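Worksheet: the structure to be examined is printed underneath.
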Amino acid sequence: MTYKLSSLLKARFPLIYIPTFEEDRVTKYIKSIATDEKLVKYPREVFTWTQTSGIYNQNTGKAVNDTTCPEKMLEYIRKYDKDAVFILYDFHVNFGVKNRTPDYNLIRKIRDIIPDLKLGYVRKSIFFVSPELIIPETLQKEITIFDFPLPTLDEIRNKLDSMIEQNKAVQANLTDEEKEKLCKAALGLTLQEAESAFALAMVNDGKINIKDLSIVMEEKVQVIKKTGILDFVKSEYSINDIGGLDNLKNWLLKRNNSWSEQAKKYCIPAPKGVLVTGVPGCGKSLTAKAMSTIWQLPLIKLDLGKVFSGLVGSSEENMRRALATAEAVAPSILWIDEIEKGLSGLGSNGDSGVSSRIFGQFLTWMQEKESPVFVIATANNINTLPPELLRKGRFDEIFFVDLPTMSERKEIFKLHLEKRLKDKDVASEIVGVKNVCTELAKMTEGFIGSEIEQVVVSALCDAFFENRPLKFEDLARNIASTVPLSATQREQILALRAWANVRAVSATKDSSRQEYTKEIDAENVSSSRGGRTLDF
Ligand code: ATP
């Protein structure tokens, strides 16, 4: 990062845009580079500007009179005859925000001074520092975007240390390991937000200790929710809650700890992500949630639909911020549910290419990301997925989740019955009875996982209504009255299978796939059910 900004200055990039909320932190950072002879060869003076206070010289601590007006400020920059950088806060409002049209005079004035910034005899650059990324069309070729990452673990630790140092009255009872945990929990927050979270923890009881972890985590959940497009998913599911899908489960188990020091010894590349497609209601979301428990990593759900809709802020900025937040809390899992819905606008002319740009931004990030953010994308309708997304190298693997096989249905029944039959009176006529789950599995060919769960829940409701134990007949009756999705959406499922046959790996283990008896697709794809096999 240091190298990059100093290079931009040395190469005399005229306009640099830094989208961030962290004015203080970014200003200190720019100053540390622009004034360092070793980094930039010719040190620059540093000026900041706001529309309320005008230009302020950060080196001398003096304000420049009569420069609040943007035209006068730009004129001052044009005439300034020493090497300098000018950091303009919130100038984006002049580039056109909601209910305010772009100020074309100002934009023109900026264009007029670009040749001087590039070629003039003194070295000058302008930085735009704003929480929103808005760039007018006419300046797009001249502005360079510089991504300023959220604070690192070291920066957060320094902040906590300095707070403890300054607040002598606060009792700090933290081992090094506990401090590390507390600081890690604050990753993804701006420095200001981390400071507020620690301050909140301190004022509560005059102490700071590991019990304050929940306060910091809660602050982070709030911040992530406030983005409007990301959400923290607290998972209560483990691998034992997934019936079947053994290939997928094994794949995930094998990649646990891929980011550890131990894994580095084996030169294993960090996993990028998986795309899990298939029949609805068969455990795709369940797998994403269980994964966060298996890998013990935070699960952040990205609502791609909201990113593209532009309902919350500008679409490009939303995407940039979402990816930056996922990286800041890394190692983490970024879950993109129903990815096809978010990408459905691609190729249409209605959004002047915004969708294509964001999609491109996402693909580049997928390809180049170095931080340990694992992406799990789930999709029901593969027809609308752009081919670029499916190309080798984007995802490590594409899994297809089919209708559960006989033995998978047996497992799913067992899981859902065991989960609910905790009371021995309610369970008396089912638990311990031989072959119950096998019989139920035989009766439910073509049922999806969520339908099996619903059969169990409805049967329990019947038993509860009559205040008696659950009976096999309750389950059988509910099975008989269910019209499975596989019957109503037969064509779609066949199309999914045909697609998966050549492009995806089966989530179900091979030995289980042999079990299919009456194939609903016997006519044409019986041999292809579930796609390629996975070679473990
Ligand atoms: P959709 O695409 O419609 O969201 P999905 O494939 O993501 O479907 P899930 O949300 O994971 O489906 O499944 C819905 C519910 O059905 C789960 O919460 C779980 O209770 C049950 N279920 C589905 N598949 C399985 C399974 N393989 N094992 C155990 N339970 C399952």
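At-a-glance table
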read-out	value
Breaking point among (1) open to solvent by 80 Å² or more (accessible area, probe 1.4 Å); (2) touching a residue at least 24 places away in the same chain (Cβ under 8 Å); (3) in a loop (DSSP other than H, G, I, E, B), for K141	(2)
Residue, farthest from the chain's Cα centre (by Cα), within the stretch 1-11, restricted to residues that are open to solvent by less than 70 Å² (accessible area, probe 1.4 Å) and free of Cβ contacts under 8 Å to residues at least 24 places away in the same chain	A11
Residue within the stretch 269-283 that is of a type in the set (S, T, N, Q), touching a Lys or Arg at 6+ places or on another chain (Cβ under 9 Å) and outside any helix (DSSP H, G or I) present	yes
Checking E132 against (1) at pLDDT 85 or above; (2) surrounded by 14 or more Cβ atoms within 10 Å (Cβ to Cβ); (3) in a loop (DSSP other than H, G, I, E, B); (4) not assigned by TED's automatic domain parsing to the domain that holds K289, the condition it does not meet	(1)
Some residue of the stretch 112-123 being under 31 Å from the mean Cα position of the chain (by Cα) and either open to solvent by 30 Å² or more (accessible area, probe 1.4 Å) or not charged (D, E, K, R) (or both)	no
Subset tally (residues that are part of a helix (DSSP H, G or I) and either surrounded by fewer than 17 Cβ atoms within 10 Å (Cβ to Cβ) or in contact with a Phe, Trp or Tyr (Cβ under 9 Å, 6 or more places away or on another chain) (or both)) for the stretch 28-60	7
Selection count where residues are within 17 Å of D303 (Cβ to Cβ), over 12 Å from the mean Cα position of the chain (by Cα) and not in a helix (DSSP H, G or I), scope the stretch 354-378	1
Residue match in the stretch 308-325 (condition: modelled with pLDDT of 85 or more, more than 13 Å from the ligand (Cβ to nearest atom) and open to solvent by 20 Å² or more (accessible area, probe 1.4 Å))	no
The listed residue being open to solvent by less than 40 Å² (accessible area, probe 1.4 Å), in contact (Cβ under 8 Å) with a residue 12 or more places away in the chain and not assigned by TED's automatic domain parsing to the domain that holds A324, out of L213, L200, L187	L187
Looking only at the stretch 12-27, and only at residues there that are open to solvent by less than 20 Å² (accessible area, probe 1.4 Å) and outside any helix (DSSP H, G or I), the one that is farthest from N318 (Cα to Cα)	P14
Residue within the stretch 232-243 that is small (G, A, S), touching a Gly at 6+ places or on another chain (Cβ under 8 Å), at pLDDT 90 or above and in the same structural domain as L363 (by TED's automatic domain parsing) present	yes
Checklist (1) modelled with pLDDT of 90 or more; (2) in contact with an Asp or Glu (Cβ under 9 Å, 6 or more places away or on another chain) applied to N158, failing item	(2)
Identity of the residue in the stretch 246-283, surrounded by fewer than 16 Cβ atoms within 10 Å (Cβ to Cβ) and within 20 Å of the chain's Cα centre (by Cα), that ends up nearest to the ligand (Cβ to nearest atom)	N256
Subset tally (residues that are out of contact with any strand residue (DSSP E or B) (no Cβ under 6 Å at 6 or more places or on another chain) and touching a residue at least 24 places away in the same chain (Cβ under 8 Å)) for the stretch 153-169	9
Long-range neighbours under 7 Å by Cβ, at least six apart or interchain, first residue more than 16 Å from E453 (Cβ to Cβ) and outside any loop (DSSP other than H, G, I, E, B) within the stretch 465-483, second open to solvent by 90 Å² or more (accessible area, probe 1.4 Å) and among the hydroxyl-bearing types (S, T, Y)	none
Neighbours by Cβ (under 6 Å, 6+ apart or cross-chain): first from the stretch 400-418, open to solvent by less than 10 Å² (accessible area, probe 1.4 Å); second part of a strand (DSSP E or B)	F400/T277; F400/G278; F400/S506; V401/G278
E445, sole failed condition from (1) open to solvent by less than 10 Å² (accessible area, probe 1.4 Å); (2) in a loop (DSSP other than H, G, I, E, B); (3) within 30 Å of N380 (Cα to Cα)	(1)
Residue check for A172: open to solvent by 40 Å² or more (accessible area, probe 1.4 Å), assigned by TED's automatic domain parsing to the domain that holds Q222 and hydrophobic (A, V, I, L, M, F, W, C)	yes
Residues of the stretch 216-245 classified as among the hydroxyl-bearing types (S, T, Y), within 16 Å of the ligand (Cβ to nearest atom) and surrounded by 14 or more Cβ atoms within 10 Å (Cβ to Cβ), total	2
The stretch 421-454: number of residues that are within 11 Å of the ligand (Cβ to nearest atom) and of a type outside the set (S, T, N, Q)	6
Filtered residues of the stretch 481-533 (kept if at pLDDT below 50 and open to solvent by 30 Å² or more (accessible area, probe 1.4 Å))	T517, K518, E519, I520, A522, E523, N524, S526, S527, R532, T533
Residue within the stretch 52-61 that is within 17 Å of L139 (Cβ to Cβ) and among the hydrophobic types (A, V, I, L, M, F, W, C) present	no
Residue match in the stretch 284-295 (condition: assigned to a loop (DSSP other than H, G, I, E, B) and either open to solvent by 10 Å² or more (accessible area, probe 1.4 Å) or charged (D, E, K, R) (or both))	no
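The values are calculated or read from the model by the stated rules, or taken from the named source; none is laboratory data. Here the structure is a predicted model, which means the values were calculated and not measured. Because the Cβ atoms are built from the backbone with ideal geometry, glycine has one as well, and the counts that use them run over all protein chains shown. SASA here: full protein model, heavy atoms, side chains in, ligands and nucleic acids out. Shrake-Rupley method; radii C 1.70, N 1.55, O 1.52, S 1.80 Å.
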